Structure formats: C-alpha cells, structure tokens
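Below: the structure, in structure tokens.
The values are calculated or read from the model by the stated rules, or taken from the named source; none is laboratory data. Small disclaimer: the values here were computed from a predicted structure and weren't measured. In this analysis, Cβ positions are derived from the backbone assuming ideal geometry, glycine residues included, and neighbour counts consider all displayed protein chains. We work out accessible area using only protein heavy atoms, side chains counted, and drop any ligands, DNA or RNA first. Shrake-Rupley method; radii C 1.70, N 1.55, O 1.52, S 1.80 Å.
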Protein chains: 2
Amino acid sequence: MNVTLRQLRVFTGVYRTRSITRAARELGITQSAASLLIQQLEAQLGVKLFDRSTRSVQPTLAAGEAFAAAERMLSDAQGLSRRMRDLAQARAGRVVFLASAGTASALLPMVLAKFRASHPDIEIDMRDVAADDLVPRLSTTDAEFAIGSAEGEFADMTIETLTSGRLSAIGRRTADFAARRSLTWDELAQLPTIAMRSETRIRMQIDQALSAQGKRLDPTYEVTLINTALAMTAQGLGLAILPATMLPADQFSTLIARPLVRPALTRPVSLLQRQGRTLSPAAQAFVATARMVLAGRTAQASG
Amino acid sequence: MNVTLRQLRVFTGVYRTRSITRAARELGITQSAASLLIQQLEAQLGVKLFDRSTRSVQPTLAAGEAFAAAERMLSDAQGLSRRMRDLAQARAGRVVFLASAGTASALLPMVLAKFRASHPDIEIDMRDVAADDLVPRLSTTDAEFAIGSAEGEFADMTIETLTSGRLSAIGRRTADFAARRSLTWDELAQLPTIAMRSETRIRMQIDQALSAQGKRLDPTYEVTLINTALAMTAQGLGLAILPATMLPADQFSTLIARPLVRPALTRPVSLLQRQGRTLSPAAQAFVATARMVLAGRTAQASG
DNA sequence: GACATTCATAGCAAAAGCTCATGAATTGAT
DNA sequence: ATCAATTCATGAGCTTTTGCTATGAATGTC
C-alpha cells in the first residue's frame, strides 16, 4: 500500500493539535480510526512520527519535516478541487475558438459582450481565420469549436446552424428604401452597390448562385471588410450587399436591410465542433450564449 | 469521499498513455479498476477529464490543468516517502545536541570525526553549553540529547554513563613521571599544578571532595579551558589536574595521565535523554557511535 | 486514592476496491 | 463485407479496508 491523503489529513491534524482525539473530532472520525491511520502512516514511511503516551503526543523531528510536505499536498488537493469546481461551473477557464473573419467582426462582438457580462472571469481567445481555414484549423489546433459559415459535411465534425441571414441589400432608412419589402438582384444593376471582394466567401457564394442563373453582380465598390461596406453605406455611397445578419443594429442605427430575391440566397452562421469531444464547461456556456443571442437576432432580422 | 492519490496516479497514467488499459497495466491493476477510478475522480471533481470512446481516450482541457497539479502532488508524495526513508536509515537528517564545554572540546571531536566518516550527509548541530545548563536546556530547546557530566537524578530524564575518567595528574612523559602508577593529592602540593577555575564543574567536584577530607587544592595556575591547561602542561608549566578522559591522545602525544588517589575521584561522561522521547534515527546513530568510541576510550585510558 | 482523560486494541459491521466475465463500439484485415 | 481484435463500460461476487463501539492501560488531577 501507499501513503494516502486521508492519512496525511489526520497527520497534519494531530501535528497541529498535538492530540489524536482532537484531530479525530475535527475530521469527524473516531479517535480509534485516527490512531490507526497514524500508525499506518508511520509504518508506510518507516518513521516514528509522534512520541505518544496516554497523556501526550509529541511530534518527532521527522514529523516536522513531513508536516510541511503534507500540508503542501493537501493544499494542492484542495486547490485542484476548487479549480475544477470553478471550471465545471464555468466560473473560471478559457474559451479558445475560431471565428471566420466576417462573423468575428459583425456578429460575435455582441455575443462576447453578453458573455463577458455573465462570465466575467473567463478568458476568451477568439482567433479569426479565413473561412476556408475554419475546418482544417479546428482539426489541428486546440480550439474547441468554430463559428462561421461552413456548409456541407465534414468528417468528425458536428455542424449546427445558429442563425442564417438572407442575402440583403442594406441601405439608409429613406422613405423609398424603407417602403420596399425586397429587391431583386436585377434591380441592383440600376443602383450603386458595395459588395465584398471576389476572394471572400460571401462573394463567391453570390457569384456562383447568380452565374447559375446567367446573372452577374457588378458592384460599384468592392471592399474586404464588412465594416467598411457598412460605413460606406451609412455615408450614402450605395447599398451594401450582405447577409442581413451582418448588420449590427446597435452600431448602424440608420441602416436597414431588405432581402434580395430571385434568387433568394441565405448564408448560414454555423457552429462547428469536433465529434466526440466534450466542450469545456466554459465553452458550453459561451456556445449557449451565442445560441441565445443569435437566435434572438434571427427573430429580429426576420421581423 | 475525497480525491485520493490512487485516483491521481491512475489519472496521470491515463493522461500520459492516452489509454486506460495501458495505464492499468503499468499500475498492475485491471482495466476495469482503472476505468472505475477515473470515473470516481471525474465525479468528485465534477469535471469530465477524458472524452473516451472505445477507441480513444482524449484528455479534456480540464484534464490538462489537473495533470500538472496531480503530478506535483504525486511527486511530493514520492519525495516525502524517500525523504522519510532516508531519515529512517540515518542517511539524511540532522542531529541537534548539547555538550558540556569540556566534553565538546576534548572528547567529542573524535566522535564527530568517526560519525562523519560513516554518515557523511548528516548535519550536526552541537551546542556547547555550561555544564549547569545541560539539563535545563535539554528540557526547553529542540536538542535531542546531551552529553556531559551530570550526576544525580532528574525528572523526565534518562541518564546513561558513557565513560568515566579518574581525576588524574597529566604531565609530560618524563622518566620520573612515567614511572609512577598514581599520585596522591597530598603529593601535588609539592608540584606546580594547573587546574580549572573554581567556577567550573570539574573544580567544584574536586574542591568539595577534598574539603570533605580536610584537604585543599592549591593550584599554581587556574584556567578556564581544558585545552589551555593541556597546552600549558605540554610546555612543562606543571601537571594538569583533569579527568583522564579529557586528554586527547592524538593531540597531545607527549602527555600521559596518572590517576590521583586518596581520595580517588571519577568523573562520569553521561548521555542525557528526555524520557519518553524517541531519538531520531540520525541521533540514534550518533549516540551509537559515541558509545562505541567512548567505550573504546575507557579501555585505552585504563589499560 | 478515586476520577477523568487519553491512546491502543479487538471485534464486528459497513463500505470500498478489485477481479472476472461480459457487452458494446470501433478499427483493421482477410 | 465479414471477422477478428482491441478498447472501454458495466455488473456480480469476493476480498480488503475502513470505521465504529467497547474495552483496557496509562497517566495526570483533585
């Protein structure tokens, strides 16, 4: 057999109180059990730890040394328990995840804000990544999950759609524009438009879908960052061609989105997880927040 | 129940090997036992530690954190065991003891030398103390035992005589002196003598014994340190009046001791221990060495 | 000298731990 | 595609450990 923490607990108790009886009481066991545990410990260490008579319990020199080590181990044990409990309750920890660039800039800030409010001590490591890299990176890095637009099936991956936004024209709330329920892609040809560069995923999806119908988007401006497009739109330079989800209502209160139809295109925002891997409690909490916030957002956008 | 080292041992094994089966083999238990222990640990910490399928055992993030703590505790446990074993075998440790000034300077150096040869890693803390302080200091300080001349009975003290020396005249090995078997105290009156100061214990014993017989020692020189007396004797300044045991043969090869008689006085060198207190293994080893060396010395002095 | 306190030990009951046997899932080979 | 092999989980049964109660021995107190 080997030394046990139980023995050490009794040992430190006896060392401190100089009494087996008192230590036993502290630990909620009987004196005889404590006595036995001390004897076991002595036997296992091969050292006399206490000079005991019926009247006194004097620690030996060896006990003094052992005490320090024992205390350390016990406090480590307690620290471990506490730390794990904190992790379990998502009161501590770290969430490492991937986000596609668009999601990271437009959608996740509000999730982050909400999450930080409810879980102030959790460290967040959001890594923004090109949409194409989402899946490969998730398999190889230590990120626990990924949020972004990924479609299709992937081996060893779970995909769950958190929200999806219809491809929309985003413009200033003018009487004209606000009156529209939707716009067709064809109508856009007449108007100044701001779209994402053709290297971006959003744009590729648009171009593919349109060309399948023999159509083509000919934007007035092409930009890389979603925020740039929105800022330009707010300045009245044109309509931004983006999923409705990408419009942060709180940041651009003057802008509204109107779905584009013929064809109607939707762009999902998905949660990717590695199959068979449990998320850390902190990550679970974060994902829950994301689901909540984004679900709310879908309702908003559609209403 | 609480976390046990047993669980942690299995845990670290599984963490390292990424396999319950392999870890179980390493620890010499069955796979099912290991599986159970991991489940227990998870339950107690409230955290999932491994994502297990029949094919793989992947540590979670929490496991990574727990691993560090677990390893530390286990290595502490091992360190504790090893350290205690070393202490038990007197391969490590520290001996704290008291020695009366005379013993410390004349008798113990050779004990120390011998002990150091056989137990090189044991630290020695010898505290020299006035003979009167021997007993009071032993009760109050952390010294484990004391060596010196103490006579009588003391509460809670064990006294064991290690050796005893007859009060002798110590002088240079001249033909005259060497021829003598002994000297009487009366004869000393005619000769130049070097004695300890009257505050010292040795001197007090002498004065007391002689005055009981209506005699009196009238030394030519009085000194405080035994070594001084011997050095003076070696210079031919007179005969040193000391217990024969106080003559270190190796240091003063020119000197010899001849017992004083009428009355013949002996001065014990004793080992004092606190009753009911176990000596540390290191101290036991030291005491054993002292017994051996000093017993040998008695034989030498008497032969 | 009676009393109270404290540690040790023995007997017994309860709990925990381990092994064996078996089942389910998954991988790799034929 | 089926079969064999590997791996983890689970349940039954046995062994060991643990803890409690009761009692004894020693020691200090009034």
Global geometry of region B:5-88, whether rounded, prolate or oblate, following the gyration tensor of its Cα atoms and the 1.5 cut on a/c: prolate
Any idea what angle helix A:201-212 forms with the longest principal axis of chain A, computed on alpha-carbon atoms, 0 to 90 degrees, nearest 10? 40
1.4 Å probe accessible area per residue over region B:94-302, in Å²: 47
Radius 12 Å from Cβ of A:GLN213, net charge of other residues (Lys, Arg +1; Asp, Glu -1): +1
Most fluctuating of A:LEU162, A:LEU279, A:LEU27 in the GNM of chain A (C-alpha, under 10 Å) is A:LEU27
For a Förster distance of 35 Å, can you work out the FRET efficiency between the beta-carbons of A:GLU71 and B:THR30, rounded to the nearest 0.05? 0.55
Full extension between B:SER198 and B:GLN58 adds, at 0.36 nm per residue less the Cα distance, a length in nm of 42.2 nm
Cross-link partners among lysines for B:LYS114, C-alpha distance below 21 Å, same-chain residues fewer than 8 apart left out? none
For B:ALA43 and A:GLU160, what is the calculated FRET efficiency with R₀ set at 30 Å and r taken between the beta-carbons, to the nearest 0.05? 0.55
Rounded to the nearest Å, the spacing of the alpha-carbon centers of region B:223-301 and region B:133-168 is 14
Proximal charge balance of B:ALA88 [Cβ under 11 Å; K/R count +1, D/E count -1]: +3
Cα pair distances exceeding 21 angstrom across region B:30-154, given as percent: 63
Expected sort for B:66-73, A:51-58 on mean C-beta neighbours within 10 Å, highest first, is B:66-73, A:51-58
Neighbourhood charge, 13 Å Cβ-Cβ cut-off, centred on B:ARG258 and excluding it, Lys, Arg +1 and Asp, Glu -1: +3
Pairs of Cα atoms under 8 Å, at least six residues apart: use those to get the relative contact order of chain B, whole percent. 22
Excluding same-chain residues fewer than 8 positions from A:LYS215, which aspartates and glutamates have a Cα within less than 19 Å of its Cα? A:ASP186, A:GLU187, A:GLU199, A:ASP207
If you count the DSSP beta bridges with both ends in the protein assembly as shown, what percent of them are antiparallel, to the nearest 5? 60
Once Rh for region A:153-303 is found with the Kirkwood sum over Cα pairs, what is the Stokes-Einstein diffusion coefficient at 25 °C and 0.890 mPa s, in µm²/s? 148
May I ask for the Kirkwood hydrodynamic radius of the protein assembly as shown, worked out over all distinct Cα pairs and given in angstroms to one decimal? 32.3
So for region B:5-88, averaging the separation of alpha carbon pairs under 8 Å that are six or more residues apart and normalising by length, what relative contact order in percent results? 28
Output field shielding_mean for B:272-282 (other chain Cβ, 10 Å radius) holds 4
Answer rounded, prolate or oblate for region B:209-268, using the Cα gyration tensor with square roots of eigenvalues a ≥ b ≥ c: rounded when a/c is under 1.5, else prolate when a/b is larger than b/c, else oblate. prolate
Using a Förster radius of 25 Å, what is the FRET efficiency between A:ARG180 and A:MET292 based on their Cβ-Cβ separation? Nearest 0.05, please. 0.25
Report the residue, chosen from A:GLY152, A:GLY238, A:GLY276, that carries the largest GNM mean-square fluctuation when chain A is represented by alpha-carbon nodes joined by springs under 10 Å. A:GLY152
Total accessible area buried between chains A and B, 1.4 Å probe, in Å² to the nearest 100? 3100
Once the Cα atoms of helix B:281-302 and of chain B are each reduced to a long axis, what angle between those two axes, in degrees from 0 to 90 to the nearest 10, is obtained? 20
Stokes-Einstein at 4 °C, 1.567 mPa s, Kirkwood radius from Cα pairs: D for chain A in µm² s⁻¹? 55
Please give the helix A:108-118 orientation as an angle from the longest Cα principal axis of chain A, in degrees from 0 to 90, rounded to the nearest 10. 30
Once label points are set 7 Å from the Cα along Cα→Cβ at both A:LEU225 and B:ALA231, what is their separation, rounded to one decimal in nm? 8.7
Restricting to region B:94-302, compute how many DSSP beta bridges are antiparallel as a %, nearest 5. 55
